[in-house]
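Worksheet: the structure to be examined is printed underneath.
The values are calculated or read from the model by the stated rules, or taken from the named source; none is laboratory data. Model, not experiment: these values are computed from the prediction. A quick note on method: Cβ atoms are made from the backbone with ideal geometry, for glycine too, and the neighbour counts reach across all protein chains shown. Accessible surface areas use protein heavy atoms only, side chains included; no ligands, DNA or RNA. Shrake-Rupley method; radii C 1.70, N 1.55, O 1.52, S 1.80 Å.
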Amino acid sequence: MLSPTGVPGFDETFGGLPRAGLVILAGGPGAGKTIFSASYLYHGAKEFGEPGLYVSLAESRGEFYSNMKTSGMDFERLEADGLFSFMELPTLMESSGVMFGRIMEEAEKVGAKRLVIDSMTALAQSIKSAEELRTFLHTLLLPYMRRMGCTAILIEEVPRGIETLGRGVEEFVASAVIELEQQIHNGRSIRVIKVPKLRGGRLERKQALFTLDRGFKVFSYKPVKELKPVERYRPLPQPLRGFSTGMTYLNELLGGYPEGATIFFEMDPDIEHQETVPIFANVLADFVYRKRPAIIFPLTGFTSKELKTLLKLYGFSEDEYASLLRIFVSKELAQECKLPYVLSFDPNNVAESMGIAEEELKKESGHPPVKLINLDQIALARGPSETLHLINHEIGKTKACGGLLIIVSRRLFEQLTEDVGSLADMHFKIERVSEVPVIYGLKPPTPILAMEIDYSKGYPEAVLTPII
């Protein structure tokens, strides 16, 4: 039977951990073992009222409390409330039996329901053989945990280049095994949590992304919700330069999109259209809110009903859309929508159609527009060579006249994608890693940012968290 850990994202992804069992938590230096185990104890006490004991064979009480406070965990307060105890066990001169007795005495004293031994690797140095270690775990520690109703996390240190855990017996005795890894993805660091063993649980997923940004958090795939209007669009604070990216973290990181800039996004084919809404639509919504025009050329992947629902999400009136927005779609979709600002995309007159719409909106609003261009659809209609010529012209016009140019591609034409990426002022990638959508910048370079969608306002907002 699994019980919730309280570790952000872990239970939603893996279901929890076996109650009153032994859990091996393995990883190399800097993998996040201490923060995960501390988070397990902290949230167990705060959310479930379960007392915890942290046994350290290396770190001092002061170092532990100070380090965890930077991640938002106040263990001194928990200790004052009788929900936590920190036990320093620095000496390895004692026998395993004596150390076990001392640990269990402290566990009983605090009434521990959660126990962490940091590390089992150090503790096992006092145990002579693998067989003796198996006996210690199977006949001493595990029965005691079951009798106490206490779950123990045993931290295993895995040196770089070594694939086996400890003496090779721990993972067979354990009820669950968790592995924390740092990997390289396209030259950037990511963190991956793996759960190869989980007794009493059904492992539909065996790995996920996680971050140590402001504490330990696991990211899991979340299906796109049905969108329903709640309130009128409220813009983010205006960034220091240019225009809002529509995403708080990216505004803070980059200072916004510069006026007159070209922003290029490459997307994996498996990224859903609805997942991209808060990345692109919120930039357009920010323009409309500030009485600036917006053009989408052309929009694909939406039905008439989905498009109308999307437009209603932001709370703008039909008059506002009519005076500030032009959406080019297929002839069939334009006829079905029957909206004055939803126009038919004519593949034979791409430049002319976009130019007329731009001049019309600019004349009415007094501002240059933001243009969202679907690179692949234009290339399918006009060919890569003519499309590159058109894009080069649009880049120059945007730089000279102001506004903003956003270009999106799913890499249908590899060379065209590379050429446009080299011309753009900013270049981002949107991919799916361990089932989680992520964004990262190639120009300027950024860390990999996990993306979650917040629906609390009705319209979706992208919440970005660095994988650090």
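So, of the residues in the stretch 262-276 that are assigned to a helix (DSSP H, G or I) and touching a strand residue (DSSP E or B) at 6+ places or on another chain (Cβ under 8 Å), which turns out to be farthest from residue 359 (Cα to Cα)? It would help to see each step written out before you state the result.
Quick first cut of the stretch 262-276, residues assigned to a helix (DSSP H, G or I) only: 273-276.
Then keep just the ones that are touching a strand residue (DSSP E or B) at 6+ places or on another chain (Cβ under 8 Å); that gives 275-276.
Numbers: 275: 31, 276: 28 Å.
Filtering the stretch 262-276 for residues that are assigned to a helix (DSSP H, G or I) and touching a strand residue (DSSP E or B) at 6+ places or on another chain (Cβ under 8 Å), the one farthest from residue 359 (Cα to Cα) comes out as 275.
Note on the stretch 369-394: among residues that are within 34 Å of the chain's Cα centre (by Cα), more than 16 Å from residue 299 (Cα to Cα) and not β-branched (Val, Ile, Thr), the one that is surrounded by the fewest Cβ atoms within 10 Å (Cβ to Cβ) is 392.
When every residue of the stretch 395-415 is checked against the conditions, at least one turns out to be under 20 Å from residue 277 (Cβ atoms), buried (at least 19 other Cβ atoms within 10 Å of the Cβ) and of a type outside the set (A, V, I, L, M, F, W, C). Checked against (1) at pLDDT 90 or above; (2) farther than 20 Å from residue 310 by Cβ; (3) more than 16 Å from the chain's Cα centre (by Cα), residue 280 passes all but condition (2).
Among the listed residues 16, 72, identify the single one that is under 23 Å from the mean Cα position of the chain (by Cα), farther than 22 Å from residue 208 by Cα and among the small types (Gly, Ala, Ser).
Numbers: 16 fails: farther than 22 Å from residue 208 by Cα.
Every option except 72 fails the conditions.
Being more than 26 Å from residue 222 (Cβ to Cβ) and either touching a residue at least 60 places away in the same chain (Cβ under 8 Å) or under 28 Å from the mean Cα position of the chain (by Cα) (or both) is a property that holds for residue 291.
For residues in the stretch 233-249 being open to solvent by 40 Å² or more (accessible area, probe 1.4 Å) and among the hydroxyl-bearing types (Ser, Thr, Tyr), which is nearest to residue 286 (Cα to Cα)? If we take residues in the stretch 233-249 being open to solvent by 40 Å² or more (accessible area, probe 1.4 Å) and among the hydroxyl-bearing types (Ser, Thr, Tyr), then 248 is nearest to residue 286 (Cα to Cα).
Residue-level analysis places residue 252 outside the set of residues that are over 20 Å from residue 380 (Cα atoms) and either part of a strand (DSSP E or B) or open to solvent by less than 50 Å² (accessible area, probe 1.4 Å) (or both).
Would you mind listing the helices (runs of 4 or more DSSP H) fully within the stretch 42-120 where at least 1 residues are out of contact with any strand residue (DSSP E or B) (no Cβ under 9 Å at 6 or more places or on another chain) and hydroxyl-bearing (Ser, Thr, Tyr)? Give the derivation first.
On the way: elements: 61-69, 75-80, 96-110.
In the stretch 42-120, 61-69, 96-110 are the helices (runs of 4 or more DSSP H) which contain 1 or more residues that are out of contact with any strand residue (DSSP E or B) (no Cβ under 9 Å at 6 or more places or on another chain) and hydroxyl-bearing (Ser, Thr, Tyr).
Among the criteria (1) at pLDDT 95 or above; (2) closer than 26 Å to residue 143 by Cα; (3) of a type outside the set (A, V, I, L, M, F, W, C), the one residue 96 does not fulfil is (1). If you go through the stretch 1-27 and keep only what is within 25 Å of residue 134 (Cα to Cα) and open to solvent by 20 Å² or more (accessible area, probe 1.4 Å), you end up with 1, 2, 19.
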